[in-house]
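**Q** Take this structure first; my questions come after.
The values are calculated or read from the model by the stated rules, or taken from the named source; none is laboratory data. As the structure is a prediction and not an experimental result, all values here were calculated from the model. We place every Cβ from the backbone using ideal geometry, glycine too, and count neighbours over all the protein chains shown. Each accessible area value is taken on the protein alone, full model and side chains, heavy atoms only, with ligands, DNA and RNA left out. Shrake-Rupley method; radii C 1.70, N 1.55, O 1.52, S 1.80 Å.
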Amino acid sequence: MSIRRRGTAAGAALALSGAGVLLGLAATPAQAAEVAFATHCVPPAGISPVDGTTKVEITAPATAKVGDTVDVVWKFVQAASKNPDIIDLPANSVQPSGVLKAAGAQSADIAMQGPRQNPAIPKGGAMVLSDMKGSLKLTAAGEVTLTPDAYTVNAMSTDTKCTPKETVQKAATIKVTGGGGTPTTTPTQTPTATPTRSGTPTGSATPTATPTATSSGGSGGQSDFTGKEVQIPYACKTPIGDKNATSPVQINARKNSGNFDLTVQFKKSVMNSPADIPANSVKPSMEVALGGADKGTVHVEGPMNAKPIKSGDPIAIPDLTGTYKPGASGSSTLSPGVLTVKALGTTTVCTPTRTQVSLTLDTSQQPGGASGGTSTSGGSTGGTSTGGSSTGAGGLAQTGADDHGALKALGLVAGTAILLGGAVFTFMPRRRTR
């Protein structure tokens, strides 16, 4: 009570949290009004643009004086677009930003931004956006009008850009006096509008690769074989479009009787997680391509993430492991093949546009080994891998579509951006610390 009295009489600062308005010194109580305007939104590549209606409430002081810095709040009553029907967005994975236009006695673009704070949003659900805040230093006496303009919704590192299709009506007016005068208030206005389309989605970077390759291996008394790091260019089929990227990969082996225990490592550091990722929601795998004396593929996979990954924490990609049972005697080559990742209910498959030999082994044919089998590995040449061994007639696996499929929705390749609905996980795989 006493604070309100003091604010009215002496212009003391009034702070309204939650709705988020801070009124500068000498400002009279806040005024708020809602405007609605037709909006054109451009999501990340692969998702069709959306035309909808944005409803916004702008809260600002009704009066102030020259020299005051006033804080204003942009509250989303309704966002123009919904969460695409592709993936559930986790809590605290969406952040809005935008521009509020000041005009009249002074002109300015007021940068507005809200916290990355939202409830979990299901596929196809209404976007729930946090309140955006910004501030303006008043430099001239007269009426200053405030009008919403373009805004951006960043969901798990991808941007959806929304712009008015026509002129938007002013949402608030501040009466600014030249000094200690007491201005009268002219608050807000009502909606209707529509914007000019603009906005371009952010995409994902595609590194280029210059591979180097080949072998290591042998027989005799040696039991551990270290492959060479090779640069593999991938073409990825994502839930919302095609992406290309290059990843450095290394294949190592340990002899186990006549078989070989394989370990596939990714050599780059990962980016920090753009959002909270639940435990047991990400699983990578690969079909290692055999060549030389042997044919077919060998399935290797990594464990699911045992613990949740917090937003901002690094994402470590585990080593992928499996067993190679040779199907031929001679010099056999191992090359990185199809990658898959299952994550948060989505699937992405990355196929090498060309591959390179990482490891060469001297092999002795084992019963039921790779090249003599009858299962299906995919690609143009057939063959399958079951468990740790593979059978078939050589070539790269096509998609790893069963439970083995798993380089999906989170890019397991360096620089790959795998889009998850309105969201992107961008990883640069790294070798796990031992």
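**Q** Can you tell me which residue within segment 129-167, out of those that are among the hydrophobic types (A, V, I, L, M, F, W, C) and more than 18 Å from residue 71 (Cα to Cα), is surrounded by the fewest Cβ atoms within 10 Å (Cβ to Cβ)?
**A** 150
Listed here are the residues, each with its yes/no results for (1) open to solvent by 20 Å² or more (accessible area, probe 1.4 Å); (2) within 28 Å of residue 46 (Cα to Cα); (3) at pLDDT below 65; (4) not polar (S, T, N, Q).
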position: 208; (1), (2), (3), (4): yes, yes, yes, no
position: 222; (1), (2), (3), (4): yes, no, no, no
position: 229; (1), (2), (3), (4): yes, no, no, yes
position: 242; (1), (2), (3), (4): yes, yes, no, yes
position: 248; (1), (2), (3), (4): no, yes, no, yes
position: 253; (1), (2), (3), (4): no, no, no, yes
position: 257; (1), (2), (3), (4): yes, no, no, no
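**Q** I'd like the residue in segment 328-363 that is open to solvent by less than 10 Å² (accessible area, probe 1.4 Å), assigned to a loop (DSSP other than H, G, I, E, B) and out of contact with any Cys (no Cβ under 8 Å at 6 or more places or on another chain) and, out of all such residues, is farthest from residue 296 (Cα to Cα).
**A** Applying the filter and picking the extreme gives 358.
**Q** Within the set of pairs 6+ apart or on separate chains, which have a first residue in segment 117-133 that is among the hydroxyl-bearing types (Ser, Thr, Tyr), a second that is in a loop (DSSP other than H, G, I, E, B) and open to solvent by less than 30 Å² (accessible area, probe 1.4 Å), and C-beta atoms under 7 Å apart?
**A** 130/114; 130/118
**Q** Pull up segment 290-327, narrow it to residues that are open to solvent by 10 Å² or more (accessible area, probe 1.4 Å), modelled with pLDDT of 85 or more and assigned to a strand (DSSP E or B), then point me to the one that is nearest to residue 362 (Cα to Cα).
**A** Among those that are open to solvent by 10 Å² or more (accessible area, probe 1.4 Å), modelled with pLDDT of 85 or more and assigned to a strand (DSSP E or B), it is 292.
**Q** List every residue pair whose Cβ atoms lie under 7 Å apart, where the two residues are 6 or more positions apart in sequence or sit on different chains, the first residue falls within segment 216-234 and is under 10 Å from residue 255 (Cβ atoms), and the second residue, located anywhere, is at pLDDT below 85 and among the small types (Gly, Ala, Ser).
**A** Within 7 Å, the pairs are 225/216; 225/217.
**Q** Okay, moving on. Identify the residue in segment 65-85 that is outside any loop (DSSP other than H, G, I, E, B) and open to solvent by 50 Å² or more (accessible area, probe 1.4 Å) and, among all such residues, is modelled with the lowest pLDDT.
**A** Looking at residues that are outside any loop (DSSP other than H, G, I, E, B) and open to solvent by 50 Å² or more (accessible area, probe 1.4 Å), I get 82.
**Q** Further question: Restricting attention to segment 121-151, report how many residues are farther than 21 Å from residue 53 by Cβ and assigned to a strand (DSSP E or B).
**A** Of the residues in segment 121-151, 9 are farther than 21 Å from residue 53 by Cβ and assigned to a strand (DSSP E or B).
**Q** Further question: Kindly list the number of the only condition in (1) of a type in the set (Gly, Ala, Ser); (2) on the phi < 0 side of the Ramachandran plot; (3) surrounded by fewer than 20 Cβ atoms within 10 Å (Cβ to Cβ); (4) modelled with pLDDT of 80 or more that fails for residue 62.
**A** (3)
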